[in-house]
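So the structure is just underneath, and the comments pick up after that.
The values are calculated or read from the model by the stated rules, or taken from the named source; none is laboratory data. Not measured: the values here are computed from a predicted model. Because the Cβ atoms are built from the backbone with ideal geometry, glycine has one as well, and the counts that use them run over all protein chains shown. SASA here: full protein model, heavy atoms, side chains in, ligands and nucleic acids out. Shrake-Rupley method; radii C 1.70, N 1.55, O 1.52, S 1.80 Å.
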Amino acid sequence: MAKFIIRRLVLGAFIVFFGALVAYAVIRCLPTSFIERMARQLSALPGAKSYNELLEQLNRMYGLDGSILKGFFNWVGYAIRGDFGYSWKFNQPVVQKFNSVIWYSVIINAFTFVLQAVICIPLGILAARKQYSATDYTVTVVALMGISLPTFFLATLLKYFFSIKLGWFDLYGIVGRMHEQMTTWQQVVDIGHHMVLPVVTLMILSIGGLMRYTRTNMLEVLNADYIRTARAKGLPERVVINKHAFRNTMIPLISYASYLLPNMFGGAMITETLFQIPGIGYISYQAITQGDIPFTMFYIVFIEVLTQVSLIIADISYAVADPRVRAN
Amino acid sequence: METRNKGSFGTQKLDDERRVRVLSPGMLVFKRFVRNKLAITGLVILIVMFAFSFLGGLFSPYTQAQVFKHDEAIMKEYATCMLNTDLRYTVRKGAEFPDAAHAQAALAITQGNPSFTYGDRTYSLVKEGEDFYTIGDAIKIVEARTLANKFSLSAVKDSAFTISPAFAAAAQTAITAGAAQFKADGDVYTVVNAGKTSAIYHVESIALATKNVYDPYEEQYKDIATDFGFRYASELALSKGKTQFSFDGANYSYETIDGDIVVSKDENGTAVAVCTISDMLVSSKANDIFLSSQEKSLIRNAIRAKETEFVIQDAAGANVEYRIDRVNQTYTVRTLTESRVITMYEFPTAAHLLGTDSNGMDVMTRLMYGGRISLMVGFVVVFLETFLGIVMGGISGYFGGWIDTAIMRFVDLFNCIPFYPIVMIIGTVMDKMEIDPIKRIFILMAVLGILGWTSIARVVRGQILSLREQDFMVATEATGIRVSRKIFKHLVPNVMPLLIVQATMSLGGIIITEATLSFLGLGVKYPLASWGSIINAATNVHIMTNYWFIWIPAGMLIVLTVLGFNFVGDGLRDAFDPKMKR
């Protein structure tokens, strides 16, 4: 087991390394004039360094004046020591900015995850138990509809109806106008109020996937021989479903949950952008579209590391939950 | 009936093909597919969408970038009218009196100075009447000396001026009295005193300043009305309270009508109006409007009467209403004018079934053309993905070993790269490089294809790993056919059902991805349309709130199309793989 984990970690590190190289190569396609203009704009900001100093610093850290490979190794040298540089867009160290925004995304995604699990797993099981019934068709259609909805359209529709027509929620932002005057408890409620629409958006979008996944896996389990055996020996249906079928369905569900890890910490880029929630997704969207190389590189590497970690966790949790896997 | 049936049975053998209906595997799949209501619904939706996008453009009377305009009557500025409180300068032809010197002149007038300098030149200023001044080039002609009460005059050498007795007498009285100006022989002279010596300047007037405004009646009188000599003669006559004057051999007379003074020329006994003199400056606001003197005096009269509206008959005899708005000393005359404007945000009508957008383009037509791009991007990307997936997955699954490991690590790498951030970076890079919109679509398709092939490669590899152990593969081994043929002729067709399902399902995903990118402004760009870029208008809260017809239909089309693909894909999966049925 330890050997397996070590092998997996080394492989993950390699993949992250090459993934970062790809990202770096793509970013380096930005025209040089853009970087010079960026430095000029940065130097115009209040309290910023001078143009030449900035350009020199950028070149030193990203090797922008040399070849792509040389520049990349240069960057890796700094990144390994935890120095991800200074964000161009936000004018503060990348890691500091990251720490200040990440928790909004985590809270939103945690809420979404809990709601999603509470709604989807029971419905998926129900649909599988009554295959080809009206319930099953409804679940399938709703699930497919959830998959078919583009994030931006759903978010815009929700904003149109709940913010503009009904006026229940604010259109944008994480805090209201009077946030500063509120007591701590009111502030918490205010933030919660602003998170309703983003959470609902994310939930509707993810419902479909999990529901179908549960249904498919449950169907597979229900068709298995040991379920027939359980029924044949006269176990009550409740026990068959809860003890024999559902526990076996849990294995793929655990791996599904661990795949959600990158989502959880990586932020929902489009939803956050549409609701202007200052989480990691919206912040990195701004950084990417405005060519903030330090922040973009950090964000991509962060997601890549998360993906690898989630894969490793999925593998390990498989082994923990399923003795058959452990044997191999 | 019965007998005929009997007869037909009689001619058939037991194993006759017509008695035992054998369905081909394809037919079985088809039958199962057709029985699935959801799948058929999806298929119908897709057919409608394709017809809408690819045939709709042919039937639409408009093109995708056609801008609609209409005539609209808007209150447009027609003329402005100003109470003239400033001195206005008329410069003699050929003389030089730069605009910058006007300020110096105004200063000298308010301070009552007889002369002023601008640049290296000295100008003299003569007050000829109330608010009527002439400005002249002062030329030194005579120097006067008073030495021991003895007064002497000497002409400046270059001036070619001869001192007449009357001039000498006038000069002496003026200088002893300390006057700044004196008159002699009908001319005005200026004295600049410097102790015992005084310089006498003759003034050749080069400009005049007056507050009166001259408006010619006809185009042909424009020259005369702006002429320095004419104005000088007229102003002189006015300041002396005369009712007529002569200039250039013609006689002119004044007549006061409605507060304006009309100057008429005497032509063989009949008086012809030449111009009006007033204290108000009326000028047209547009290049294509010529205001005649009558119109100008009408406007002036309306303003004097403090009216806010008045009516003028136009050339066709129709009454045109004008409105007057006052801001301080400026009056603006407005009138309803027909002008061509872009038909923005028009609500749905029979001509434009879904109205027009912010560029004045037909939303319905743009939806049709946008559908073409959205669907085309979807198909091209899926084709590319599947092609790459089959080749990579096929090679990986068939050869196994280190090739398999290498390709699978490659797949891991691609899976690891976060999709949206990378595509957004590419979009930003394309923005900064200012790539042509059509080229952009191709790059977008290539990028989506290259980033999306991994899942198909995995499916193909997994299937081939199990297929290659089967007997028919041993048979291909025995017959000794080429490796490429083994992979693509014998293995891949067996993976086809799964691939078709996978491709159909991922089509929906790609359409959403493309729409999302276009919505964020990183995908398809104006003037080309895609469904996503049409909804992009809703990022503007004003449009989102007031013009539902611009963004909701596009969103519905995306949802329906993707839903169609997902229904069909789901139906195909069930049809190909009936094992899931209990």
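The table below lists the values:
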{"read-out": "Other protein chain Cβ atoms within 10 Å, averaged over every residue that makes up B:511-520", "value": "4"}
{"read-out": "B:TYR118 long-range amide H proximity, modeled H, under 5 Å", "value": "B:TYR123"}
{"read-out": "Overall Cα dimensions of the range A:174-283 - principal axes, largest extent first, Å", "value": "66, 27, 18"}
{"read-out": "Extension gain (nm, one decimal) between B:HIS490 and B:ALA168, 0.36 nm per residue minus Cα-Cα", "value": "103.1 nm"}
{"read-out": "Tilt relative to chain B, helix B:437-452 - C-alpha long axis, 0 to 90 degrees, to 10", "value": "30"}
{"read-out": "Inter-chain Cβ neighbour average for residues A:102-110, partner chain, 10 Å", "value": "0"}
{"read-out": "Estimated inter-spin distance, B:ILE74 and B:ASP131, nm [label 7 Å along Cα→Cβ]", "value": "3.7"}
{"read-out": "Estimated inter-spin distance, A:GLN41 and A:ILE119, nm [label 7 Å along Cα→Cβ]", "value": "3.8"}
{"read-out": "For the range B:270-375, alpha-carbon Rg relative to the globular expectation (2.2 N^0.38 Å, N residues)", "value": "1.79"}
{"read-out": "At least 20 Å² accessible surface lost relative to isolated chain, residues of the range A:282-298 (1.4 Å probe)", "value": "A:TYR285, A:ILE288, A:THR289"}
{"read-out": "Point-charge dipole on Cβ atoms (K/R +1, D/E -1) for the protein assembly as shown, about Cα centre, debye to 20", "value": "5980"}
{"read-out": "For the range A:300-322, residues shielded by at least 20 square angstrom of accessible area compared with the chain on its own, probe 1.4 Å", "value": "A:ILE300, A:ILE303, A:GLU304, A:THR307"}
{"read-out": "Residues B:TYR118 and B:LEU147, FRET efficiency given R0 of 51 Å [Cβ-Cβ distance, rounded to 0.05]", "value": "0.90"}
{"read-out": "Whichever aspartates and glutamates have a C-alpha closer than 19 Å to that of A:LYS159, once near sequence neighbours (fewer than 8 apart) are set aside", "value": "A:ASP170, A:ASP190, A:GLU272"}
{"read-out": "Peptides ranked, highest mean first, by Cβ atoms within 10 Å: ranges B:174-180, A:4-10", "value": "B:174-180, A:4-10"}
{"read-out": "Surface share of carbon and sulfur [accessible, 1.4 angstrom probe, percent] for the range A:168-274", "value": "61"}
{"read-out": "Loss of accessible area when B meets A, both sides summed, Å² nearest 100, probe 1.4 Å", "value": "4500"}
{"read-out": "Magnitude of the charge dipole, the range B:88-210, Cβ model with Lys/Arg +1 and Asp/Glu -1, debye to 20", "value": "360"}
{"read-out": "In the range B:288-350, trypsin sites (Lys or Arg not before Pro) in a DSSP loop with at most 11 other beta-carbon atoms within 10 Å", "value": "B:LYS306"}
{"read-out": "Given charges at beta-carbon only (K, R positive; D, E negative), |dipole| of chain B in Debye", "value": "3860"}
{"read-out": "Using alpha-carbon coordinates, inclination of helix B:419-433 to the longest axis of chain B, degrees", "value": "40"}
{"read-out": "Solvent exposure of chain B as accessible area per residue, Å², 1.4 Å probe", "value": "52"}
{"read-out": "Cα-based helix-to-principal-axis angle, A:51-62 vs chain A, degrees rounded to 10", "value": "40"}
{"read-out": "Sites B:VAL156 and B:ASP86 - FRET efficiency at Förster radius 45 Å, r taken between beta-carbons, to 0.05", "value": "0.80"}
{"read-out": "Reach of B:LYS525 by Cα under 19 Å, taken over lysines that are not fewer than 8 positions away in the same chain", "value": "B:LYS432, B:LYS439"}
{"read-out": "Chain A: most fluctuating residue of A:VAL199, A:VAL142, A:VAL240 per GNM, C-alpha cutoff 10 Å", "value": "A:VAL240"}
{"read-out": "Whichever lysines have a C-alpha closer than 16 Å to that of B:LYS306, once near sequence neighbours (fewer than 8 apart) are set aside", "value": "B:LYS296"}
{"read-out": "Centroid-to-centroid separation of the range B:66-101 and the range A:287-322 [C-alpha atoms, Å]", "value": "67"}
{"read-out": "Sulfur and carbon atoms: percent of accessible area, the range B:58-122 [1.4 Å]", "value": "51"}
{"read-out": "Extended-chain gain in nm, criterion 0.36 nm per residue less alpha-carbon gap, A:ARG231 and A:MET1", "value": "79.2 nm"}
{"read-out": "Quarter of the Cα convex hull surface for the range B:365-495, i.e. its orientation-mean projected area (nm²)", "value": "10.1"}
{"read-out": "Interatomic Cα distance distribution for chain A, bins of 20 angstrom, percent", "value": "25, 48, 24, 3, 0"}
{"read-out": "Inter-chain shielding of B:421-434 (mean C-beta neighbours from other protein chains, 10 Å cut-off)", "value": "6"}
{"read-out": "Relative contact order computed over the range A:102-321 (Cα-Cα under 8 Å; 6+ residues apart), in percent", "value": "29"}
{"read-out": "Convex hull volume per residue for the protein assembly as shown, taking Cα atoms only, in Å³", "value": "358"}
{"read-out": "Selected from B:THR504, B:THR337, B:MET361, residue furthest toward positive end of dipole (the protein assembly as shown; charges at beta carbon)", "value": "B:THR504"}
{"read-out": "Candidates A:TRP75, A:TRP168, A:TRP103: whichever shows maximal mean-square fluctuation once chain A is modelled as a Gaussian network with Cα springs under 10 Å", "value": "A:TRP168"}
{"read-out": "In order through the range B:197-208: 3J(HN,Hα) via Karplus (6.51 cos²θ - 1.76 cosθ + 1.60), integer Hz, x for Gly, Pro", "value": "10, 10, 9, 9, 10, 9, 9, 9, 5, 10, 8, 10"}
{"read-out": "Semi-axis lengths, Å, the range B:88-210, gyration tensor of Cα atoms, sqrt of 5 times eigenvalues", "value": "26, 15, 13"}
{"read-out": "Approximate shape of chain B as ellipsoid semi-axes (Cα gyration tensor, √5λ), whole Å, largest first", "value": "99, 33, 16"}
{"read-out": "Accessible surface of the range B:201-343 [probe 1.4 Å, protein heavy atoms]: carbon and sulfur percent", "value": "45"}
{"read-out": "FRET efficiency estimate (nearest 0.05) - Cβ-Cβ, B:ASP325 to A:CYS29, R0 56 angstrom", "value": "0.50"}
